[in-house]
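Report on the structure given below.
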Amino acid sequence: MKPNRPQENQLSHILLLTAAVVGVLIVISFIPGWRVGNVEVRRANILGDLVAFDELPPSMGLHSSEVLDTSYLADLPSDIDSLLSSARAERESVAEAAPTQPSTPAVEPRDAALPRATGEVKTVALDTPFVPRTAESPAVMIEDYSAGGEMMAKFYRRLSSGSKRPVRVAVMGDSFTESDILTSDLRRALQAEYGGRGVGFVGFANPLAQYRPTLKHTFEGWDNYTVIQRKKAPEHLQGEFPIAGLIYVPKAGATAHFELNSAGGGEVERARLLFKNSGKTRLLISVNGGEEREYPIKQNGDVQEVVVGGPISKLDMRLPEAEGFVGYGVVFESDGGVAVDSYAVRSNSGLATFSMNSTINKQIDNKLHYDLIILQYGLNVMSPDVVNYDYYSSQMVKVIDYLRLSFPDAAILVMSVSDRAQKKGGKAATMSVVPIMVEAQRDAARKAGAAFWSTFDAMGGPNAMPYFVEQGWASKDFTHINFKGGAAVAGELARSIVERSVSLNGPAKPAEIVVDTLAVDSLVTDTLAVDTLAVDSLVSDSLAPNMISPDSIAVDSLATDSIVSPLTDTLPTTDTPVDTPVDTLPAEAAAEWVEQVVEATEESTEESAEESTEESAEALIENLETVEEQ
């Protein structure tokens, strides 16, 4: 038996190996970055906190046409140029015929407003000092390049009008605004000023739902597709993308749960589900944990809408059968004020808009009625290697014109890119090309007759991003802001909007109080000319007596859930005759009368329904027509 040999001490070997690895890494730290074709190999500097290297990799000097994904252009119709040209000519002729408003200057005189090639813009010096913005800093001006500044002036008038219909804003963007970053605070600020509640649009099954703090959203049994990877969608769905840039296809039994919270403004007066359906689908909805109710939906090729009355703090939907259902999302909103919808698609340069179906968007606009569309793009195009963005600017002009085909009444506002920084010698500084991109986006707005607002200036200008990172307002990639940074930028944008609106129209008027609102049942809205009828603005001639099937009758903004039974002649017995015009009653009496109609409707039996529906419907129509005449 061999004697046991004493075990050698391995510690010295481990120390030597560690020292060798550290030595190799130190040597690597002194190897400068280089390029292999279009691939950049960066310096690996483990001594970054001790040793600073001054060089940045040399720019490749590219033009934006060399880096942009232009495959979206193939999705445009063959006659797109003539369509856009005709639409542009029509818009310009209308603008020329409209009276100009001297009180609405389009742009204040300044050098930045003069057209010039982006290659002529001065870049930022790396040592430019940063000066944080304060409450005393002037608001960043919204530059309106439409004829006479009338485009934004119309939007400002809507803001201050106190209208019962929400002033609706869409923010189309990239990862900079995903999960409701920036848009949640813009919504909160504008609703605080002008009223309104609700988180706006929420996709049925957004894969980033868990990161959105403005509501709790869970789902099961859905497939989702994004316009960026549209070729991965089934072929028949590749042309079905809406303004949101995502579509959701349920399997049988799919569910979705939406729970509103105080961060999103709390409960709302209604939820509006948007979708298409070409097959046999069953849709069941429960509000606030109550009993499920089935909503029959049609089979056709158009965008459909189901309106569910509130108050709503929770909404659950279930599709036991889902053949041919293509989902877009739910809009949570209330009467009046402002609604802000967030449409963020990661990696979108803005050109993916060309793969969004203009007909679908037009049908969505016919239901939601957008007043302002904000475009937040550019970060996915901007790079130190790209020094000329003229091609990108020209394509964004076409994007704006393309959107106008679907949203002809909406003002369009281009937000510039934010500040973006890169490190030099361990110190972060603004990318030298940021001002070039900002000017390219301003030039696109100018040529398209749209509006422009500089996010870069609103953050504080050169070297703002390193400051945002230091404050904990942005991630350490020196590109993306977080919710705190979003609040700072949104506050500046809201301030620019409000100050300009007040300067033109004075303080906002309080929203009109609606005593009773008859929301036509969502089961038949698509066959009717109206969704919502208020007693002081009725459109009774658009209703056929046999088609009255109200979804909700709101009394002082509290609406019942879907009423699927027809009206009968079992009307309430009150001191007020049934044929008394509703608008001649005191507000409380009118509200009571409507409540009693609802109760009588729900208590009606099948035996009396067939005989009495037409008579009671005609009586109600006569009342409504009397109100309209008055």
(request) Would you mind finding the one in Asp371, Asp401, Asp385 that is open to solvent by 10 Å² or more (accessible area, probe 1.4 Å) and within 29 Å of Pro77 (Cβ to Cβ)? (result) Asp371
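Restricting to region 260-289, give me the number of residues that are in a loop (DSSP other than H, G, I, E, B) and open to solvent by 10 Å² or more (accessible area, probe 1.4 Å). Outline the logic, then answer.
Filtering region 260-289 for residues in a loop (DSSP other than H, G, I, E, B) gives 261, 265-267, 278-280, 288-289.
Then drop every residue that is not open to solvent by 10 Å² or more (accessible area, probe 1.4 Å), which leaves 261, 265-267, 278, 280, 288-289.
The total comes to 8.
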(message) Tell me whether region 249-266 contains one or more residues that are acidic (Asp, Glu) and closer than 25 Å to Asn357 by Cβ.
(response) no
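Only one of His217, His257, His236 is closer than 28 Å to Leu186 by Cβ and open to solvent by 20 Å² or more (accessible area, probe 1.4 Å); which? I'd like the intermediate steps shown before the answer.
Numbers: His217 fails: open to solvent by 20 Å² or more (accessible area, probe 1.4 Å); His236 fails: closer than 28 Å to Leu186 by Cβ.
Result: His257 is the single residue among His217, His257, His236 that is closer than 28 Å to Leu186 by Cβ and open to solvent by 20 Å² or more (accessible area, probe 1.4 Å).
For Pro320, state whether it is more than 23 Å from Pro234 (Cβ to Cβ), touching a residue at least 60 places away in the same chain (Cβ under 8 Å) and surrounded by fewer than 24 Cβ atoms within 10 Å (Cβ to Cβ). Steps first, please.
Values: more than 23 Å from Pro234 (Cβ to Cβ): no; touching a residue at least 60 places away in the same chain (Cβ under 8 Å): yes; surrounded by fewer than 24 Cβ atoms within 10 Å (Cβ to Cβ): yes.
Considered against the rule, which asks whether it is more than 23 Å from Pro234 (Cβ to Cβ), touching a residue at least 60 places away in the same chain (Cβ under 8 Å) and surrounded by fewer than 24 Cβ atoms within 10 Å (Cβ to Cβ), Pro320 comes out as no.
On the given criteria, is Lys476 charged (D, E, K, R) and either crowded, with 21+ Cβ neighbours inside 10 Å or part of a loop (DSSP other than H, G, I, E, B) (or both)? Can you show your working first?
On the way: charged (D, E, K, R): yes; either crowded, with 21+ Cβ neighbours inside 10 Å or part of a loop (DSSP other than H, G, I, E, B) (or both): yes.
Yes.
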(request) Evaluate the following for Ala440: is it crowded, with 22+ Cβ neighbours inside 10 Å, in contact (Cβ under 8 Å) with a residue 60 or more places away in the chain and closer than 22 Å to Glu193 by Cα? (result) no
(request) Being more than 17 Å from the chain's Cα centre (by Cα) and of a type in the set (S, T, N, Q) is the filter; apply it to region 220-233 and report the residue that is surrounded by the fewest Cβ atoms within 10 Å (Cβ to Cβ). (result) Gln229
(message) Tell me the residue from Phe325, Phe354, Phe332 that is over 21 Å from Val169 (Cβ atoms), open to solvent by less than 10 Å² (accessible area, probe 1.4 Å) and at pLDDT 95 or above, please.
(response) Phe325
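The values are calculated or read from the model by the stated rules, or taken from the named source; none is laboratory data. Treat the numbers as computed from the prediction; the structure is a model and nothing was measured. As a convention, Cβ positions derive from the backbone with ideal geometry for all residues, glycine included, and neighbour counts pool all protein chains shown. Surface areas here come from the heavy atoms of the whole protein model, side chains and all, with no ligands, DNA or RNA. Shrake-Rupley method; radii C 1.70, N 1.55, O 1.52, S 1.80 Å.
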